2 protein chains.
Amino acid sequence: MLTNNVKGTHDIIGEESNGFAYIENLLRQICELFAYNEVRPPVIEHSELFVRGVGDGSDIVRKEMYTFKDKADRSITLRPEFTAGIMRMIVQNKLLATNELPYKVYYNGPVFRYERPQLGRYRQFNQFGVEAVGNNSPEIDVEVITLAYTILSSLNLANVKVLINTLGDDDSRNAYKDALKGYFAKHLDHMCPDCHSRFELNPLRILDCKVPEDQEIVKDAPKMKDYLSDAAKSRFAKVLELLDALDIPYEVDDTLVRGLDYYAETVFEFHYTSKTGNDYGAIGAGGHYDKLVKELGGPDAAGVGFSFGVERLYSVLKDDDLFPHCINTPVEVYIMPLGEKAKVMAAQVASELRLSAYRTDVCFEDVKLGNMFKRAERKGAKVAVIIGEDEVAKEEVVIKNLATTEQKSCPLDKLIETISEEIGNEVCE
Amino acid sequence: MLTNNVKGTHDIIGEESNGFAYIENLLRQICELFAYNEVRPPVIEHSELFVRGVGDGSDIVRKEMYTFKDKADRSITLRPEFTAGIMRMIVQNKLLATNELPYKVYYNGPVFRYERPQLGRYRQFNQFGVEAVGNNSPEIDVEVITLAYTILSSLNLANVKVLINTLGDDDSRNAYKDALKGYFAKHLDHMCPDCHSRFELNPLRILDCKVPEDQEIVKDAPKMKDYLSDAAKSRFAKVLELLDALDIPYEVDDTLVRGLDYYAETVFEFHYTSKTGNDYGAIGAGGHYDKLVKELGGPDAAGVGFSFGVERLYSVLKDDDLFPHCINTPVEVYIMPLGEKAKVMAAQVASELRLSAYRTDVCFEDVKLGNMFKRAERKGAKVAVIIGEDEVAKEEVVIKNLATTEQKSCPLDKLIETISEEIGNEVCE
């Protein structure tokens, strides 16, 4: 117990940690190019927020929340997703009144769901996403889709398919729900228990049921597109026109219904198939919402957002060998002191190199020179700096280029100049 | 309730979020220069880990942990600090056997302590720190101190004082604890209840007592330096020699005792006084430990680490106006479409500019041009791109330099070239 992590959590270390940093840096950079700013809501919120914001009929709220009482008997929940917390933050801090609209933010951090742990599914995992709140236009829906698409392209994911659908406005959705109820009422006896409660809470959810027998019944259900109001149709047409203008390839999928209650109008998913034909399904998803801010006590404001699972992106990039190799070779200069006096000089030389922005490591362990060279190689160092008692006396070092194996003496006052000649100032991209 | 954050948590948004990103980027960069790699242990751990790793006599474990039972009746705790989790990670993943030693890592993320909320003190706050594990040498203690000192210098904190002390090896500390017990036994009747339990659990802790009457008694207590073994003395002398060689200013403070049970040998704190004379006290601290890895079921390996509170660093930098102003002006180009057709072209122009790495925002709201200019100014944009129906027809845009107020027409195929002439490719540093 003492030396085990909690079931369903994982330590992110080594290559995986480098991969996460690579992904997150890229996502951040692109969000900044789109003028989205980072926000960090807390990990813990009042449980009521998620019951209202995510929906008390959702699997997340019904089965998967980490909920507990704090020492003052408040019901606290570890966030299962970011959107509800960000809406709470927006309402509480009156951010729609004090910022240009839409208020555009991105987020990145851990979320918690008590699900059955499976390969690549964790109880604590990381989500990255955006929300643009306070503008109801199709242009903003498309901006958010474009942002997500740009992120995936920048990660070199070549076969990304944008699936898109509209859930219409209130009128459309109410008409469609009635039609679904009428249809499913006739088949309900043959459907799973979850579908019985979905039928009561939100019949749209039945369309997402994974039970094969139910999927057969779903196939012949009424289609959303036949119940759209004229306003909803023309809004969706505008979304598609803008995607065309931006050369973003998409497929309209009229079976696409996102599992959360708050979505309205545009919903979308990003599907990926690897070079080798492996279909990863949806690696990110999002949509437009009309009532979420108001539901949580704020003004009547629409929004749109998406989220990616960072673990998911990591495993896709790793499987397809899409990480730049340089992210795993962090050391440029490796310093090898031989003896106690040399260690003092090694510490000084390391400081000088680091201040000149060379990623530098020192071997302070008393191992043989041959062993030090092996370590330098494993760390991917380009240059070794060797310091023996002679070098200390003469105030110089020996610099060995580990690629060419050439080595030369170098006086201390020529150190940075010489290192720069050997390895330049390459940037890992 | 619904629209309130949990007491003691806070939303990090706007300027504060930009400040956090600035601090964390800088800390990361410097850790990478020192060849430390990032690790991300989970937010939740088995409660037992902290009871053993932080110490069941500590205030953190006794009073401040967020502990709850999960659905499978496991006792889970939101981490109150990182070190115990990182040691668990090292032991569980056998990282000392599979990496060069010392194994050097840094971390950054939220920690949770149920303390009384006060100005600048939160129940969820962020810690950044490092651990170097598996090498017992004074050189590594100094490397870690140098890393922390370099971070503070890079943040432009000019008056940083390193306070340093040694707690000696086991022999020294046992002799000293006996001496303290002998001394405090005579005064215990006049001391606070906490000091009574400290007396039993770890008399070193009494030295940290904040009760004024007890502090008077502490003044005449035996001093650590009089109980140091020869080995401990010579190790500490080596630490100071190395700090001298690296020009790191320090003060030996023989009253400095860190509050956690696991520290041994070198301990240190970083104190800061602002330009205006405001004494912030310790803004970061750390030390060497001998038994922590073994205590948690791992091999016999020493380590050394430090941590900073990110909220603390933020408030110091903010009070002293040490943030570069450019971190709060994220938009370079602001696009102003007038009419529906112009909005489509605006989306295309925005995509092109973003792909060329210009931070670009578009006003998709139907407001007047004057209002758009006000928005551009508030966002700190350098250039406005104006698109009316005429421009759409002629496939051109109007580019206005917001500093010089000069404006000119520009054909779409000269867009990037012209923007680059107007604002170049400045980097915010």
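A count restricted to segment A:96-113 and to residues that are within 23 Å of A:L33 (Cα to Cα) and open to solvent by less than 10 Å² (accessible area, probe 1.4 Å) stands at 4.
State whether one or more residues within segment B:281-299 are closer than 30 Å to A:R40 by Cα and open to solvent by 30 Å² or more (accessible area, probe 1.4 Å). There is at least one residue in segment B:281-299 that is closer than 30 Å to A:R40 by Cα and open to solvent by 30 Å² or more (accessible area, probe 1.4 Å). For the subset of segment B:236-267 comprising residues that are within 14 Å of chain A (Cβ to nearest Cβ) and either more than 18 Å from B:Y149 (Cβ to Cβ) or over 25 Å from the mean Cα position of the chain (by Cα) (or both), which member is least open to solvent (accessible area, probe 1.4 Å)? If we take residues in segment B:236-267 being within 14 Å of chain A (Cβ to nearest Cβ) and either more than 18 Å from B:Y149 (Cβ to Cβ) or over 25 Å from the mean Cα position of the chain (by Cα) (or both), then B:L242 is least open to solvent (accessible area, probe 1.4 Å). Being farther than 22 Å from A:S153 by Cα and more than 9 Å from chain A (Cβ to nearest Cβ) holds for only one residue in B:K382, B:K343, and it is B:K382.
When A:A282 is tested against the conditions (1) hydrophobic (A, V, I, L, M, F, W, C); (2) touching a Leu at 6+ places or on another chain (Cβ under 7 Å); (3) more than 14 Å from chain B (Cβ to nearest Cβ), the lone failure is (2). Give the residues of segment A:112-143 that are at pLDDT 95 or above, over 17 Å from the mean Cα position of the chain (by Cα) and part of a strand (DSSP E or B), sorted by residue number. Correct list: A:V133 only.
Listed here are the residues, each with its yes/no results for (1) buried (at least 23 other Cβ atoms within 10 Å of the Cβ); (2) of a type in the set (G, A, S); (3) within 14 Å of chain A (Cβ to nearest Cβ).
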{"position": "B:N136", "(1), (2), (3)": "no, no, yes"}
{"position": "B:V160", "(1), (2), (3)": "no, no, no"}
{"position": "B:L163", "(1), (2), (3)": "no, no, no"}
{"position": "B:A179", "(1), (2), (3)": "no, yes, no"}
{"position": "B:D189", "(1), (2), (3)": "no, no, no"}
{"position": "B:C192", "(1), (2), (3)": "no, no, no"}
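Taken over segment A:29-40, the criterion of being touching a strand residue (DSSP E or B) at 6+ places or on another chain (Cβ under 7 Å) and either more than 7 Å from chain B (Cβ to nearest Cβ) or in a loop (DSSP other than H, G, I, E, B) (or both) is satisfied by A:C31, A:A35, A:Y36, A:V39. Number of residues in segment B:47-57 that are open to solvent by 10 Å² or more (accessible area, probe 1.4 Å) and at the interface with chain A (Cβ under 7 Å from one of its Cβ atoms): the value is 2. Taking residues in segment B:320-331 that are more than 14 Å from chain A (Cβ to nearest Cβ), and partners anywhere that are part of a loop (DSSP other than H, G, I, E, B), the pairs with Cβ atoms closer than 7 Å and at least 6 places apart or on different chains are B:D320/B:S274; B:D320/B:K275; B:L322/B:L155; B:L322/B:N156; B:P324/B:C428; B:P324/B:E429.
Mind checking whether some residue in segment B:81-99 is polar (S, T, N, Q), closer than 22 Å to B:G8 by Cα and at pLDDT 95 or above? Write out each step before concluding.
Taking segment B:81-99 and keeping what is polar (S, T, N, Q), we get B:83, B:92-93, B:98-99.
If we keep only those that are closer than 22 Å to B:G8 by Cα too, we end up with none.
Within segment B:81-99, not a single residue is polar (S, T, N, Q), closer than 22 Å to B:G8 by Cα and at pLDDT 95 or above.
Residues considered: A:N5, A:N25. Of these, the only one that is facing chain B (nearest Cβ under 10 Å), touching a Gly at 6+ places or on another chain (Cβ under 9 Å) and open to solvent by 20 Å² or more (accessible area, probe 1.4 Å) is A:N5.
Give the residues of segment A:337-372 that are open to solvent by 50 Å² or more (accessible area, probe 1.4 Å) and closer than 21 Å to A:A403 by Cβ, sorted by residue number. Those that are open to solvent by 50 Å² or more (accessible area, probe 1.4 Å) and closer than 21 Å to A:A403 by Cβ: A:A357, A:R359, A:L369, A:N371. Looking at segment A:58-71, can you tell me whether even one residue there is under 19 Å from the mean Cα position of the chain (by Cα), in a loop (DSSP other than H, G, I, E, B), at the interface with another protein chain (Cβ under 10 Å from one of its Cβ atoms) and charged (D, E, K, R)? Checked against the condition, which is being under 19 Å from the mean Cα position of the chain (by Cα), in a loop (DSSP other than H, G, I, E, B), at the interface with another protein chain (Cβ under 10 Å from one of its Cβ atoms) and charged (D, E, K, R), segment A:58-71 yields no hits at all. When segment B:72-92 is limited to residues that are in contact with a helix residue (DSSP H, G or I) (Cβ under 9 Å, 6 or more places away or on another chain) and outside any helix (DSSP H, G or I), the one that is farthest from A:D73 (Cα to Cα) turns out to be B:E81. Of the residues making up segment A:311-333, those that are farther than 18 Å from A:I423 by Cα, open to solvent by 10 Å² or more (accessible area, probe 1.4 Å) and outside any loop (DSSP other than H, G, I, E, B) number 6.
The values are calculated or read from the model by the stated rules, or taken from the named source; none is laboratory data. Please read all numbers here as calculations on a predicted model, not as lab measurements. Reconstructed Cβ throughout: ideal geometry from the backbone, glycine too, with neighbour counts over all protein chains shown. Quick note on the areas: whole protein, heavy atoms, side chains included, nothing else; ligands and nucleic acids left out. Shrake-Rupley method; radii C 1.70, N 1.55, O 1.52, S 1.80 Å.
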